[in-house]
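The values are calculated or read from the model by the stated rules, or taken from the named source; none is laboratory data. Bear in mind the structure is a predicted one, so any value in this text is a computation, not a measurement. As a convention, Cβ positions derive from the backbone with ideal geometry for all residues, glycine included, and neighbour counts pool all protein chains shown. Protein only, heavy atoms only, side chains kept; ligands, DNA and RNA dropped before computing areas. Shrake-Rupley method; radii C 1.70, N 1.55, O 1.52, S 1.80 Å.
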Amino acid sequence: MSKFVDRVFSGVQPTGNLHLGNYLGAIKKFVAMQASHQCVYCVVDMHALTAWQDPTELAANTREVTAAFIAAGIDPKAHIVFNQSQVAEHAELAWIFNCVARMGWMNRMTQFKEKAGKDRENASVGLFAYPTLMAADILLYKATHVPVGDDQKQHLELTRDIAAKFNNDFGEQLERLGHGEQFFPMTEPLIEGPATRIMSLRDGSKKMSKSDASDLSRINLTDDADAIAKKIRKAKTDPAPLPDNVDDLAARPEADNLVGIYAALAETAKEQVIGEYGGREFSAFKPALADLAVDKLSPVNAEMRRLTDDPATVDATLREGAARAREIAAATMAEVRDIVGFIRG
Ligand code: TRP
């Protein structure tokens, strides 16, 4: 038996254009975890700042992610929803972790290499330190499970490395203070399955992305029914009808993606969808998919609009969530200060 309570933590960056990929791949999963775990969901505005953000847009995007969480069915009273910057302990623990993590570990982070691109000299120091802040997010709450995309796997491994090194480096002190051997847990990632990897509507080999130049490539959570239907109608496909078994989707990325989207929205398996639409033309499948998408996304969209029109309520939700997050975070930080030898006054 682990001494840690089952607790889920995850974060979403408020960098604009929340889309179907975020909804099916992340947010819907966050909603489902509420039944079995205590959940802490964080809008990671400090992470967003690792790349330039227009201040007005950062605030608007923070409210939009919060609105999406709530509209999708996350209960901010039963669980915790807040924005990272309101809980100063995230930055404090990140500093400690900057002193635990090794340059060699950080230099291996592929996301930094991708995001910094060729001009590494011009990347922010924050972008390089991004993974230690992420580890702090998770470990402040001693979270045992983190639902994330496949691209975050390496950051989760780093989080475990940091936890293990901290537990080890301060082992004697942990013993002395009665914490046993493990102060931080070995957090498990819950990685999205291939079924929830939503690809671009214009190119089945690329992930649906907020930064794709073509707005037709993604369904934004702010799109209305007409926009959703239009984007599905215009989605790239091949000329053949849908195959009558799932294996034959493997060589047809666009068809596979649309079937996957249908299955995820209908909360069923691709086999079911193929059972119903195998052998049918896209001219028959696309309208069915559009109806389903509108049906599932319109209520989320409407509730998001209602909430974004009422920023005071959203801000109050974040404030209350932050107060509750801070209680847990402050308790962990107080322990950490004692462990590392900081005088608390
Ligand atoms: N890096 C994550 C992403 O881009 C966001 C994030 C920040 C996060 N802190 C986290 C995810 C903690 C899970 C847990 O998707």
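Here are some notes:
- Taking segment 160-187 as the range and being open to solvent by 60 Å² or more (accessible area, probe 1.4 Å) and out of contact with any helix residue (DSSP H, G or I) (no Cβ under 8 Å at 6 or more places or on another chain) as the test, the residues that pass are Arg160, Asn168, Glu172, Glu175, Arg176, Gly178.
- Thr159 being away from the ligand (no atom under 12 Å from the Cβ) and hydroxyl-bearing (Ser, Thr, Tyr): no
- Scope segment 118-131; condition part of a helix (DSSP H, G or I) and away from the ligand (no atom under 11 Å from the Cβ); matching residues: Arg120, Glu121, Asn122, Val125, Gly126, Leu127, Phe128, Ala129
- Test for Ala135: is it farther than 17 Å from Lys3 by Cα and surrounded by 22 or more Cβ atoms within 10 Å (Cβ to Cβ): yes
- Given (1) more than 22 Å from Lys153 (Cβ to Cβ); (2) more than 20 Å from the chain's Cα centre (by Cα), number of the condition Pro76 does not satisfy: (2)
- Residue that is in contact (Cβ under 8 Å) with a residue 24 or more places away in the chain and open to solvent by 30 Å² or more (accessible area, probe 1.4 Å), where the choices are Gly21, Gly11, Gly16: Gly11
- Answer residue from segment 54-71, given it is away from the ligand (no atom under 16 Å from the Cβ) and within 22 Å of Val31 (Cβ to Cβ) and is most open to solvent (accessible area, probe 1.4 Å) among those: Arg63
- On inspection, Arg218 passes the criterion of being basic (Lys, Arg) and open to solvent by less than 30 Å² (accessible area, probe 1.4 Å).
- Residues of segment 24-42 that are away from the ligand (no atom under 12 Å from the Cβ) and open to solvent by 20 Å² or more (accessible area, probe 1.4 Å): Lys28, Val31, Ala32, Met33, Gln34, Ala35, Ser36, His37, Gln38.
- Boolean, Thr62 is hydroxyl-bearing (Ser, Thr, Tyr), in a helix (DSSP H, G or I), touching a Ser or Thr at 6+ places or on another chain (Cβ under 7 Å) and in contact (Cβ under 8 Å) with a residue 40 or more places away in the chain: no
- Out of Ala91, Ala51, Ala78, sole residue that is open to solvent by 30 Å² or more (accessible area, probe 1.4 Å), closer than 25 Å to Ala323 by Cα and assigned to a loop (DSSP other than H, G, I, E, B): Ala78
- In the condition set (1) in a loop (DSSP other than H, G, I, E, B); (2) without any contact (Cβ under 8 Å) to a residue 12 or more places away in the chain; (3) not charged (D, E, K, R), Asn168 is compliant with all but (1).
- Candidate set: segment 94-104, residues that are open to solvent by less than 50 Å² (accessible area, probe 1.4 Å) and away from the ligand (no atom under 16 Å from the Cβ); chosen: the one nearest to Ala48 (Cα to Cα): Ile96
- Exclusive hit being within 11 Å of the ligand (Cβ to nearest atom) and closer than 17 Å to Val314 by Cβ, set Gln84, Gln111, Gln154: Gln84
- Checklist (1) of a type in the set (Asp, Glu); (2) surrounded by fewer than 17 Cβ atoms within 10 Å (Cβ to Cβ); (3) assigned by TED's automatic domain parsing to the domain that holds Lys29 applied to Asp248, failing item: (3)
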